[in-house]
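Enquirer: I'd like to ask some things about the structure below.
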Amino acid sequence: MTDCGNANTAICVLPHEINGDHRLFPRIKNLQQYYRQHFAREPEFFVCVPGRVNIIGEHVDYSGYPVLPMAIDQCMILAVGIDENNNLISLRNLENHKYPNFDCKLSDIKINLPQTGGPIWFNYYLCGVKGIFEILSGDQRLYGMTVALSGDIPPASGVSSSSALVSSAVLATAKVHGVCLDRKRLAGISAQCERYIGTQGGGMDQAIAYLAKEGCAQFIEFYPELKTTSLHLPQGACFVVANSLTQINKATTSEFNERVVECRLACRLIAFHKKFNNWKMITKLAELQDLLKCDLSDLEDIARNLLKKDHYTRAELCGIFSVDNDEFENEFLYAHTHHMQTFKLRPRALHVIQESLRVQRFRKICSDDSVVESKLKTLSHLLRQSHESLKTQFECSHANLDRLVEISDEFGVGARLTGAGWGGCIVALCDSIEISHKYMATLKEKYYSELPEPIFDELQLNDFQNVIFATCPREGADIFTLSSYV
């Protein structure tokens, strides 16, 4: 059994040497060659940040509740060089036909968000650079950076491709400037600076990126402070990730931030009815639960009783809170949400509370050695309950995700959407490697073969690489150098 002892998160991320035995060695060597071609020198170090799949606990982190993700094989890799005589940052992507080259002066870094469409790829990287620059002392010298990137995390698929890019930039920029930060601090900076791109995430993606441990899922708590506990998954458990191929980018649409607004308004409304003087400042249900000194089941009852309607209009909430429209917009709304006129508070809050109860139960079952019979069956049922809530109460599913879950039901495997939703991937729990192979074959037959023929033919040609795959928990972010013997 893999050692799931908790890693020391208070130690800085330091480089270590790898050789040809490392699983990422072929990709790193390929990226090294690409870096040489573009910069005519050797990179000084490599950064690796994994993608993630959230097993259970969706859309609860920004309400302060725990999640249960694991890092996956797919990752972002950087080859990094330091240019002490230049104040430029130069980015080269291995997929340069999709992601054009980027160069700018360090003094000219700006993150411009377009009115329509998503941010240009390099803006995610600049978020991470800016995040580190903001904690440097005023007299700290800034160094130029030459960076080549290679990513195999499917973009806009709910497995944290954008957060991996931001986090890798944070780690690389810190290393270049000699800033020694522990993993928790790096995760916090990465979560904070990703908001420059316009998303109001809760920190799960960045936490698992830095704090993941190979062979273990991570139970990640956010309130009252970030804390991780490694968790053994049941013997035989095998997770399959299947991409619906419906892409969604949180930074290009309003849906994600709308859900954050609704969850925080629901929390404020309960706090208001409970007559907390500082109700405006109570934005996370986990904090509210702590203040009310109740358990999650009690909080569910309170939410049902005090959130009397599914829908509240802006005018109704302004009347309840005794605020005008300008104050409502300035204090309660975020980027891409100022158009909102109707807020679904009751179903959003109930999803968060019930999903958090499912996370509690999932963790308890995994940790309880006395529970053996039907353990995986019960966990699979929790995944299926999670999807139904995300579909009906949180309304963040998609017809293609629902179809994948339906096929999973027919096969007898519990599955749910993972990530923000509105597209992207599902995660499914199988009880053996053998079953996972049969399950993946079924999805290829009943879902992917129904796609337009050119798409299906291309998937087959690439052997469905990074579209449907079994995965096990991988390690978190790391810095590598290559052995002089390779």
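Enquirer: With an 8 Å Cα cut-off and a minimum separation of 6 or more residues, compute the relative contact order for the stretch 163-274 in percent. Can you show the working numbers first?
Expert: Values: 83 pairs, mean separation 22.3, N = 112.
Normalised by residue count, the contact order of the stretch 163-274 is 20 percent.
Enquirer: To check my understanding: the extent here is largest minus smallest coordinate of the Cα atoms along each principal axis. What are those three numbers for the stretch 74-178, in Å, largest first?
Expert: So the extents along the principal axes, rounded to whole Å, are 40, 30, 23.
Enquirer: Let me see the P(r) profile for the stretch 62-114: every Cα-Cα distance counted, bins of 5 Å, each bin given as a percent of all pairs.
Expert: Calculated over all Cα pairs of the stretch 62-114, the distribution is 4, 12, 14, 17, 15, 12, 12, 11, 2, 0 percent.
Enquirer: Please report the relative contact order for the chain, taking Cα pairs under 8 Å with a sequence separation of at least 6, and give it as a percent rounded to a whole number.
Expert: Working: 952 pairs, mean separation 117.9, N = 486.
Computed value for the chain: 24 percent relative contact order.
Enquirer: Here is a follow-up. On the protein heavy atoms, probe 1.4 angstrom, tell me the percent of accessible surface of the stretch 39-93 carried by carbon and sulfur. Walk me through the intermediate numbers first.
Expert: On the way: 490 of 1190 Å².
That fraction is 41 percent.
Enquirer: Starting from a Cα-only point model with no solvent, please compute log10 I(q)/I(0) by Debye for the chain at q = 0.06, 0.08, 0.09, 0.13 1/Å.
Expert: -0.27, -0.49, -0.62, -1.29
Enquirer: Another question, if that's okay. Among 463-469, 153-159, 452-458, what's the highest-first ranking by average C-beta atoms within 10 angstrom per residue? Present the calculation step by step, with values, prior to reporting the outcome.
Expert: Working: 463-469: 16.4, 153-159: 23.3, 452-458: 10.1.
So the peptides 463-469, 153-159, 452-458, ranked by packing, come out 153-159, 463-469, 452-458.
Enquirer: Please calculate how many Å² of accessible area the chain carries per residue, with a 1.4 Å probe and no DNA, RNA or ligand atoms counted.
Expert: Numbers: 20430 Å² over 486 residues.
About 42 Å² of surface per residue is accessible.
Enquirer: In addition: Evaluate the relative contact order of the stretch 322-447 (contact order divided by residue number), counting alpha-carbon pairs under 8 angstrom at least 6 apart; express in whole percent.
Expert: Numbers: 106 pairs, mean separation 24.1, N = 126.
Across the stretch 322-447, relative contact order equals 19 percent.
Enquirer: Further question on the same structure: For Gln74, which sequence-distant residues (separation of 5 or more, or a different chain) have an amide H within less than 5 Å of its own amide H, given hydrogens modelled in the peptide plane?
Expert: For Gln74, the qualifying residues are Gly51.
Enquirer: Another one. What residues qualify as long-range amide H neighbours of Glu475, i.e. H under 5 Å apart, gap of 5 or more or another chain, H built at 1.01 Å from N?
Expert: Under 5 Å from the amide H of Glu475: Glu214.
Enquirer: Something else: Relative to the Cα centre, what is the charge dipole magnitude of the chain, using +1 at the beta carbon of each Lys and Arg, -1 at the beta carbon of each Asp and Glu, and rounding to the nearest 20 debye? Kindly include the intermediate steps, with their values, before the conclusion.
Expert: Details: 49 positive and 58 negative charges, 132 e Å.
Taking the Cα centre of the chain as origin, the dipole is about 640 debye.
Enquirer: Still on this model: Return, for the Cα atoms of the stretch 92-246, the radius of gyration and Dmax in Å, separated by a comma.
Expert: 16.8, 54
Enquirer: Using a 1.4 Å probe on the protein chains only, how many percent of the accessible area of the stretch 164-229 belongs to carbon and sulfur? Intermediate results must be reported in sequence, preceding the final value.
Expert: Values: 870 of 1920 Å².
Carbon-and-sulfur percentage of accessible area, whole number: 45.
Enquirer: Would you work out what percent of the accessible area of the stretch 247-326, with all protein chains in place, is carbon or sulfur (probe 1.4 Å)?
Expert: Details: 1730 of 3810 Å².
Carbon plus sulfur share of accessible area: 46 percent.
Enquirer: Go through the stretch 308-316 residue by residue and turn each phi into a ³J(HN,Hα) via Karplus (6.51, -1.76, 1.60, θ = phi - 60°); whole Hz please, and just put x for glycine and proline.
Expert: Result, ordered by residue: 6, 10, 6, 10, 10, 7, 4, 4, 4 Hz.
Enquirer: Convert each backbone phi in the stretch 421-431 into a coupling constant with the Karplus relation 6.51 cos²θ - 1.76 cosθ + 1.60 (shift: θ = phi - 60°), then list the ³J(HN,Hα) values in order as whole Hz, x for Gly and Pro.
Expert: After applying 6.51 cos²θ - 1.76 cosθ + 1.60, I find x, 6, x, x, 10, 10, 10, 10, 10, 9, 9 Hz.
Enquirer: Give a quick list of trypsin sites (Lys or Arg not before Pro) in the stretch 271-373 that DSSP marks as loop, anything other than H, G, I, E or B, with at most 11 other Cβ atoms within 10 Å.
Expert: Working: sites: Lys274, Lys275, Lys280, Lys284, Lys293, Arg304, Lys308, Lys309, Arg314, Lys344, Arg348, Arg358, Arg361, Arg363, Lys364; in loops: Lys274, Lys275, Lys284, Lys293, Lys308, Lys309.
Passing sites in the stretch 271-373 are Lys275, Lys293, Lys308, Lys309.
Enquirer: Tell me the Kirkwood hydrodynamic radius of the stretch 175-331 in angstroms, computed as one over the mean inverse distance between distinct C-alpha pairs. Show your work: numbers first, answer last.
Expert: Working: mean 1/r = 0.0531 Å⁻¹.
After inverting the mean inverse Cα-Cα distance, the result is 18.9 Å.
Enquirer: Next question. Considering only DSSP states other than H, G, I, E and B, which trypsin sites (Lys or Arg not before Pro) in the stretch 61-152 qualify as loop sites with at most 12 other Cβ atoms within 10 Å?
Expert: Details: sites: Arg92, Lys98, Lys105, Lys110, Lys130, Arg141; in loops: Lys98, Lys110, Arg141.
For trypsin sites (Lys or Arg not before Pro) across the stretch 61-152 that sit outside H, G, I, E and B with at most 12 neighbouring Cβ atoms in 10 Å, the list reads Lys98, Lys110, Arg141.
Enquirer: Using the Karplus curve 6.51 cos²θ - 1.76 cosθ + 1.60 with θ = phi - 60°, what ³J(HN,Hα) values do you get for each residue of the stretch 320-333, in whole Hz, with x for Gly and Pro?
Expert: Per residue, the Karplus-derived 3J(HN,Hα) values read 4, 7, 6, 10, 8, 5, 5, 5, 4, 5, 5, 9, 10, 10 Hz.
The values are calculated or read from the model by the stated rules, or taken from the named source; none is laboratory data. Only a predicted model underlies this, so the values are computations on that prediction, with no experimental measurement involved. With ideal geometry, Cβ positions are generated from the backbone for all residues, glycine too; neighbour counts draw on all protein chains shown. Quick note on the areas: whole protein, heavy atoms, side chains included, nothing else; ligands and nucleic acids left out. Shrake-Rupley method; radii C 1.70, N 1.55, O 1.52, S 1.80 Å.
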